[in-house]
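Below is one structure, written out as structure tokens; the observations come after it.
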Amino acid sequence: QVQLVESGGGLVQAGGSLRLSCAASGRTFNSYAMGWFRQAPGKEREFVAAISRSGVYTTYADSVKGRFTISRDNAKNTVYLQMNSLKPEDTAVYYCASDKGSFVHSSASAYDYWGQGTRVTVSS
């Protein structure tokens with residue numbers, strides 16, 4: 001059974017930083033790309049970032065490019081999202097997801113397992 005467990009969310013002031021972690025179990029972690037999505041109150045879930053199974057390839061939503069960095073440690077079965085220069089509009093529940101394959105995708109339909117989410121609140 002695949003499990004994805006996010007951690008690292010919290011309350012931070014605008015301009016601050018947070019690092020989210022997602023610990024994976026139940027499948028061969030280094031065989032699959034991973035992604036982060038977020039859902040703000042009253043809005044649809046949106047893509048944030050994705051990383052290929054090797055970690056060589058990454059892709060980001062335009063809204064976070066230059067501020068967020070996705071990375072992974074295949075030895076620890078963990079994917080990270082470093083978030084810098086946070087803005088109030090980054091406030092959302094952040095979800096980790098495991099891709100069906102090895103390459104990066106921005107569409108939620110490419111992912112087959114999801115975590116429960118971790119809440120990030122950025123105050124102005």
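Does region 1-33 hold any residues that are among the hydrophobic types (A, V, I, L, M, F, W, C) and either touching a Lys or Arg at 6+ places or on another chain (Cβ under 6 Å) or under 19 Å from S124 (Cα atoms) (or both), and which are they?
So the first thing to find is which residues in region 1-33 are among the hydrophobic types (A, V, I, L, M, F, W, C), and the list is 2, 4-5, 11-12, 14, 18, 20, 22-24, 29, 33.
Matches in region 1-33: V2, L11, V12, A14, L18, A33.
I need the full set of residues from region 105-122 which are small (G, A, S) and open to solvent by 40 Å² or more (accessible area, probe 1.4 Å), in order please.
Kept after step one, since they are small (G, A, S), are these residues of region 105-122: 106-110, 115, 117.
S106, S107, A108, S109 - these are the residues of region 105-122 that are small (G, A, S) and open to solvent by 40 Å² or more (accessible area, probe 1.4 Å).
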| message | So for region 1-17 (the condition being assigned to a loop (DSSP other than H, G, I, E, B), among the hydrophobic types (A, V, I, L, M, F, W, C), closer than 25 Å to G101 by Cα and modelled with pLDDT under 95), does at least one residue qualify? | response | yes
| message | Which count do you get for residues in region 55-91 that are charged (D, E, K, R), open to solvent by 70 Å² or more (accessible area, probe 1.4 Å) and either closer than 15 Å to S17 by Cα or in contact with a His (Cβ under 7 Å, 6 or more places away or on another chain) (or both)? | response | 3
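Of a type in the set (K, R) and farther than 19 Å from A110 by Cβ - does that describe any residue in region 53-64?
Restricting attention to region 53-64, the residues satisfying the condition of being of a type in the set (K, R) are 53.
Filter once more, so that each one left must be farther than 19 Å from A110 by Cβ: none.
Scanning region 53-64, I find no residue that is of a type in the set (K, R) and farther than 19 Å from A110 by Cβ, so the answer is no.
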| Of all residues in region 29-48 being assigned to a strand (DSSP E or B) and open to solvent by less than 10 Å² (accessible area, probe 1.4 Å), the one that is farthest from A110 (Cα to Cα) | V48
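Open to solvent by less than 60 Å² (accessible area, probe 1.4 Å), small (G, A, S) and in contact with a Gly (Cβ under 6 Å, 6 or more places away or on another chain), is that true of A97?
Numbers: open to solvent by less than 60 Å² (accessible area, probe 1.4 Å): yes; small (G, A, S): yes; in contact with a Gly (Cβ under 6 Å, 6 or more places away or on another chain): yes.
Taking the combined requirement at face value, the residue satisfies it.
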| request: Output the number of the condition that D73 fails; it satisfies all remaining conditions of (1) within 15 Å of Y111 (Cα to Cα); (2) within 14 Å of the chain's Cα centre (by Cα). | output: (1)
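The values are calculated or read from the model by the stated rules, or taken from the named source; none is laboratory data. Please read these numbers as outputs of a predicted model, since none were measured by experiment. Neighbour counts run over all protein chains shown; Cβ positions are idealised from the backbone, glycine included. Protein only, heavy atoms only, side chains kept; ligands, DNA and RNA dropped before computing areas. Shrake-Rupley method; radii C 1.70, N 1.55, O 1.52, S 1.80 Å.
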